[in-house]
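For reference, the structure discussed in these notes is given below.
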Amino acid sequence: MARRYAVAGTGSRAQSYIRAILQEHPEEAELVALLDSNPGRLAFHQRKLTELGGSELPEYGAEDLERMVKEQAVDRVVVTSPDYTHAAVVSRLLRAGADVIVEKPLTIDADGTRQIVDAMNESGKSVVVTFNYRYSPRNSALRQLIQDGEIGQVTSVEFQWVLDTRHGADYFRRWHREKKNSGGLLVHKASHHFDLVNWWIASTPTRVFASGGLAFYGADNAAARGLGERPARGTIDGAADDPWLLDLRTDDTNRQLYYENEKYDGYLRDQDVFAPGITIEDNMSVIAEYANGARLSYSLNAHSPWEGYRVAVNGTLGRAELEVVERAAVVDDQIDPSYPSDRVIAGDVRTNGERLVLQKHWAPAVEVEIPRGEGGHGGGDRLIYADLFVGPGNDPLGRAADVNDGVRAVAVGIAANQSLASGQPVVVADLNLGGWGS
């Protein structure tokens, strides 16, 4: 019998879950309700439902969460609302009697983790966190290599992630640009990356030190570089030839989902990346110590001309290196900034692709084959939806993530934010994250 699902938060990310339920897993999952505070976004998704062959569903406002669970006999809710709402929304859903699937990050601060864990303990319900990068074949291949003991005991990890001037810049246009909403990129974005490290090396972070700041985006940096007066937003006020500005009217989804619904809540999806009010960092470095003795050196840059990552895992028997170029250059008008480009640029010395290399001590390097991944997030989306709606089954790589994994991932970012504020290293256990993540 299919489980009954609702979706809480009907922004752009909700689309992929709705599509997966209706088109890929109709036997295991039945979508029965939508919840959002913005009636225009609810109407957008109702139209999309009919386009996908479904029918319009009962819809609820944020204040009606408990009533929705009861009236629609909801078994499980997919939470795709903004990060700062996760703790309250997830806790309320658990106490209302529903299990929860929540988009990363689990929450943005220590208080939020405690709220969720307390609600789980009281309700007996479960939380699954969607770390789809675990399911990307290249990341699974690195996990397999480490798990098989090919590099011996892990001693350290070097991890560099760069977001380009399409994807990285987009965080500085949206609600993410204020740390009170997203926890900054060290929580919102890097929780993906810290989860990968935790999972790759099968250990838990114990102490964190961070350094970072807003060095490129924002009004002060723009003024220092002599950029001159800027429009407050890309739509209406912006110039069509300014690559930093986003005109929501040029894409049907952005226009219908955001621009036409500003009247309901005042949310602006197209703020200028060089406008005042940005409180998150765009350049960050983190050093983290792990319970198994390994150390992580991590960096994140949000204004790179290319997008991808390099990771090296050192061990007692050798070293594994994974390099991924998701978008070699920002040269086209691709709308979805998070989806890798497949464009090939003639003569470009950097090309899209991925490579996993293993080199043992006193031996030449060898390339490790990576299974080809199709679709979003390096092929991870299709696999994670199967685990979410069908069940993970017997997975030797342990890719399904529970609330414990969610806490461990945000623990690094929460500790890093505290370290940024104090200038001192932070012991993770001192954060009191509800008894999980240790």
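The values are calculated or read from the model by the stated rules, or taken from the named source; none is laboratory data. Bear in mind that the values here come from a model prediction, so they are computed numbers and not experimental data. Please note: Cβ atoms are built from the backbone with ideal geometry, for glycine as well, and neighbour counts cover all protein chains shown. Just the protein is used for accessible areas: all its heavy atoms, side chains included, with ligands, DNA and RNA removed. Shrake-Rupley method; radii C 1.70, N 1.55, O 1.52, S 1.80 Å.
Roughly how many percent of the accessible protein surface of the chain is carbon and sulfur, given a 1.4 Å probe and a whole-percent answer? List each step's numbers first, then the result.
Values: 8870 of 18390 Å².
Within the chain, the accessible surface is 48 percent carbon and sulfur.
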>> Output needed: percent of Cα pairs per 5 Å distance bin for segment 219-264, bins running from 0 to the one holding the longest distance.
In response: 5, 21, 22, 23, 12, 10, 8, 1
> What are the radius of gyration and Dmax of segment 128-227, computed over its Cα atoms and given in Å?
Replying inline: 16.9, 53
> Distance in nm between label sites at residue 295 and residue 366, each 7 Å beyond Cα in the beta-carbon direction?
Replying inline: 3.1
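Considering only protein heavy atoms, what per residue accessible area in square angstrom results for the chain with a 1.4 angstrom probe?
Numbers: 18390 Å² over 438 residues.
Per-residue accessible area for the chain comes out at 42 Å².
Starting from the Cα-Cα distance between residue 224 and residue 249, subtract it from 0.36 nm times their residue separation and give me the gain in nm to one decimal. Before the final figure, lay out the partial values.
Working: separation 25, 0.36 × 25 = 9.00 nm, distance 3.08 nm.
Stretched out fully, the residue 224 to residue 249 stretch lengthens by 5.9 nm.
If we count GluC sites (Glu not before Pro) as exposed when they sit in a DSSP loop and have at most 10 other beta carbons within 10 Å, what is the longest stretch of the chain that avoids them all?
Numbers: sites that count: 27, 229, 369, 374.
Result for the longest clean stretch: 28-228.
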> So which residue, out of 425, 396, 371, gets the largest mean-square fluctuation from a GNM of the chain using Cα contacts under 10 Å as springs?
Replying inline: 396
> Mean separation of Cα pairs under 8 Å and 6+ residues apart, divided by the residue count of segment 3-129: what relative contact order is that in percent?
Replying inline: 24
>> Pairs on different chains or at least eight residues apart, Cα atoms closer than 19 Å: how many lysine pairs in the chain fit?
In response: 7
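Could you rank the peptides 109-118, 219-228 by their average count of other C-beta atoms within 10 Å per residue, with the highest value first?
Working: 109-118: 21.3, 219-228: 12.5.
Final packing ranking: 109-118, 219-228.
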> Hey, rough spin-label estimate for residue 126 and residue 264, points 7 angstrom out along Cα→Cβ, what's it come to in nanometres?
Replying inline: 3.2
> For residue 153 and residue 19 in one chain, what is 0.36 nm times their gap in residues minus the Cα-Cα distance, to one decimal in nm?
Replying inline: 44.1 nm
> What is the spread of the Cα atoms of the chain along each of their three principal axes, largest first, in whole Å?
Replying inline: 64, 56, 45
> Just going by the charge dipole of segment 20-116, with Lys and Arg at +1 and Asp and Glu at -1 on Cβ, which of 86, 29, 73 is farthest out on the positive end?
Replying inline: 86
>> Run the numbers for residue 240 and residue 279: contour at 0.36 nm per residue of separation, minus the present Cα-Cα distance, in nm.
In response: 11.4 nm
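Which FRET efficiency value, to the nearest 0.05, is calculated for residue 70 and residue 350 with the Förster distance at 41 angstrom and r the Cβ-Cβ distance? Let's see the in-between values first.
Numbers: r = 54 Å, r/R0 = 1.32.
Here the calculated transfer efficiency is 0.15.
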> What percent does the relative contact order of the chain come to when contacts are Cα pairs within less than 8 Å and at least six residues apart?
Replying inline: 21
> How high is the FRET efficiency from residue 395 to residue 427, r the C-beta distance, R0 25 Å, rounded to 0.05?
Replying inline: 0.20
